[in-house]
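Trainee: Please read through the structure below; I'll follow up with questions.
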Amino acid sequence: MAKSSGKRFMKLAGMTASIAGKAAKNSLKHLSSDEEKRLQARSEMMQDVGIQIAETLGEMKGAVMKVGQIASQYKDVFPPEVATALEKLQKDAPPMPYAQIRMQVERELKAPINELFTEFEEVPFAAASIGQVHRAILPSGQKVVVKVQYPDVDENCDSDLKQVRMALKVAGVLNMSRKLQEQLFDKIRQSLHDELDYIKEAHNLLVFGAFHADDEGLIIPKVISSHSTKRILTLTEEMGESLTTAATWDNSVKQKIAQRLFHFSAGQLFGLYRMHCDPHPGNFAFREDGSVVAYDFGGIRSYSNAEVQLFRRFAYHAVKGDTTALEQDLIALGIRRDDEKNVPGEFYQQWLAIGLKPLSIAPYQEGPFDFAGSQVHHEAITQMRTSLKYFGQFQPSATTMMLDRTVSGQYWNLVNLGVEIDLSPLVEEYLETPKY
């Protein structure tokens, strides 16, 4: 174990040293270049750095790869070149040999695998960065899925994150104050620890299962406590089709799915003050009656009453187009820097015109929005280029980081579902006049 930890450290330290050399060389080479050349050179270097980080992390199973995946999900924290390279790490990892999986199951559940299960499929049906999922049958005949964490992943977690942060820092990627760096990486560290603790995930499944118990068509698997530990999680098998298959169904079915995905996220935020923050399409399955099955309750974020009311107020002011109040909300959320520099109301209006379209908010969008043909993401990129001069007044926020990830993830789920729907009645349902 110490040997493999040492190897990991050397690999990561080598990556950091190499990146530091690249950054120094790039600075020296372009000392006398004009601004445009410098920006171009920096962009090329960032691309190079992103690929190097992704390749190094991709070779190492476990926490370090999970760190890379998490980093790729917080696009507002990292330059686009680095985020794009790290996105590769979100793809399925190659599975671990069955012999190691069996040893881990038997070590954790303290019994031979053929006593614990009458059947246990050797080939996993899903593999990710920190573990893999196998179908099995309990002695009672109950069909289950068993999530098995790779050995020793949790032991390397903090040192892996520290090394990745150092590599990003020496590359000059973390363009933010030390205090904000601490806050953001603290949130990433916390979400990593949460995902590595299956006891915590089992508790989340119970809480969210109870919360959604009366929501018809929202299905959350149940925990089999007798076959679960900190590193093994056994759940009832709840199957459904992939998002790709659901995209071929009638629009009426797709509308039910879209409504349920909306209720799933908004209901939790405004009703439970806790939220499933990993809306990756692989974490949902769909049925032809419009039902949605939700998996993977490791990445949960809890919010205070004050934070939830602030989110509600922000959304209310956005829908009303009140840019003066909206700017104050952004300051309170830590997104808009609290300084004297003026950002015109027109800047906010332009962003509202883009961001509120998918929700069918008038006057930006009248009637159902066609997610299949959505240009919103392209419009946002174009708008970014024209509003660069104001971007110094904004920064990533530790408060909204997981929420941003959830909202953008659900937007992409609806785009890939290809649904045409008017979501404004649902928005109104959640945005009664905020209490000040």
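Trainee: Of the residues 369, 314, which is crowded, with 18+ Cβ neighbours inside 10 Å, free of Cβ contacts under 8 Å to residues at least 60 places away in the same chain and within 24 Å of the chain's Cα centre (by Cα)?
Mentor: Only one candidate passes the filter, namely 314.
Trainee: Could you count how many residues in segment 393-436 are without any contact (Cβ under 8 Å) to a residue 40 or more places away in the chain and over 30 Å from residue 247 (Cα atoms)?
Mentor: So the answer is 1.
Trainee: The conditions are (1) touching a His at 6+ places or on another chain (Cβ under 6 Å); (2) more than 28 Å from residue 396 (Cβ to Cβ), and residue 326 fails exactly one of them. Which is it?
Mentor: Of the numbered conditions (1) touching a His at 6+ places or on another chain (Cβ under 6 Å); (2) more than 28 Å from residue 396 (Cβ to Cβ), the odd one out for residue 326 is (2).
Trainee: Across segment 131-144, what is the number of residues that are closer than 18 Å to residue 99 by Cα and open to solvent by less than 40 Å² (accessible area, probe 1.4 Å)?
Mentor: 5
Trainee: Considering every residue within segment 329-352, establish whether at least one is among the acidic types (Asp, Glu), modelled with pLDDT of 95 or more, farther than 28 Å from residue 256 by Cβ and outside any loop (DSSP other than H, G, I, E, B).
Mentor: Yes: segment 329-352 contains one or more residues that are among the acidic types (Asp, Glu), modelled with pLDDT of 95 or more, farther than 28 Å from residue 256 by Cβ and outside any loop (DSSP other than H, G, I, E, B).
Trainee: Can I ask one more? Give 264, 314, 297 a once-over and let me know the one that is closer than 28 Å to residue 131 by Cα and part of a helix (DSSP H, G or I).
Mentor: Residue meeting the stated conditions: 264.
Trainee: Please go through segment 114-143 and pick out each residue that is under 13 Å from residue 234 (Cα atoms) and in a helix (DSSP H, G or I).
Mentor: Listed by number, the list holds a single entry, 116.
Trainee: Pull out all pairs, ordered by first then second residue, where Cβ-Cβ is under 9 Å, the residues are six or more apart or on different chains, the first lies in segment 179-199 and is modelled with pLDDT of 80 or more, and the second is hydroxyl-bearing (Ser, Thr, Tyr) and open to solvent by less than 80 Å² (accessible area, probe 1.4 Å).
Mentor: Listed pairs, sorted by first residue: 198/228; 198/229; 199/228; 199/229.
Trainee: On to the next question. So if I check each of 396, 363, 425, 358, which one is within 23 Å of residue 275 (Cβ to Cβ) and not in a helix (DSSP H, G or I)?
Mentor: When all the criteria are applied, what remains is 396.
Trainee: Within segment 262-311, can you find the residues that are polar (S, T, N, Q) and in contact with a strand residue (DSSP E or B) (Cβ under 9 Å, 6 or more places away or on another chain)?
Mentor: 265, 268, 283, 291, 302
Trainee: Just one of (1) open to solvent by 40 Å² or more (accessible area, probe 1.4 Å); (2) assigned to a helix (DSSP H, G or I); (3) touching a residue at least 60 places away in the same chain (Cβ under 8 Å) trips up residue 156, so point out which.
Mentor: Against the list (1) open to solvent by 40 Å² or more (accessible area, probe 1.4 Å); (2) assigned to a helix (DSSP H, G or I); (3) touching a residue at least 60 places away in the same chain (Cβ under 8 Å), residue 156 comes up short only on (1).
Trainee: Same structure again: Specify the residue that is modelled with the lowest pLDDT; the eligible residues are those in segment 372-387 that are open to solvent by less than 40 Å² (accessible area, probe 1.4 Å) and more than 23 Å from the chain's Cα centre (by Cα).
Mentor: 387
Trainee: Please go through (1) among the small types (Gly, Ala, Ser); (2) in contact with a Gly (Cβ under 6 Å, 6 or more places away or on another chain); (3) within 18 Å of residue 300 (Cβ to Cβ) for residue 213 and return the number of the only condition it doesn't satisfy.
Mentor: For residue 213, the failing item is (2).
Trainee: Within the group 324, 234, which residue is free of Cβ contacts under 8 Å to residues at least 60 places away in the same chain and either surrounded by fewer than 21 Cβ atoms within 10 Å (Cβ to Cβ) or in a strand (DSSP E or B) (or both)?
Mentor: Only one candidate passes the filter, namely 324.
Trainee: Filter segment 195-219 down to residues that are assigned to a helix (DSSP H, G or I) and surrounded by fewer than 17 Cβ atoms within 10 Å (Cβ to Cβ) and give me whichever is nearest to the chain's Cα centre (by Cα).
Mentor: 200
Trainee: Are there any pairs, at least 6 apart or on different chains, whose C-beta atoms fall under 6 Å, with the first in segment 327-339 and touching a residue at least 12 places away in the same chain (Cβ under 8 Å) and the second of a type in the set (Val, Ile, Thr) and crowded, with 18+ Cβ neighbours inside 10 Å, and if so, which?
Mentor: 333/399; 333/400; 334/399
Trainee: Something else: Return the residues of segment 92-113 that are over 18 Å from residue 224 (Cα atoms) and either in a loop (DSSP other than H, G, I, E, B) or within 24 Å of the chain's Cα centre (by Cα) (or both); say none if nothing qualifies.
Mentor: The answer is 92, 93, 94, 95, 96, 97.
The values are calculated or read from the model by the stated rules, or taken from the named source; none is laboratory data. This is a predicted model, so every value here is computed, not measured. Virtual Cβ from ideal backbone geometry, glycine too; neighbours counted across all protein chains shown. Just so you know, the surface numbers come from the protein's heavy atoms only, side chains and all, with ligands and any DNA or RNA stripped out. Shrake-Rupley method; radii C 1.70, N 1.55, O 1.52, S 1.80 Å.
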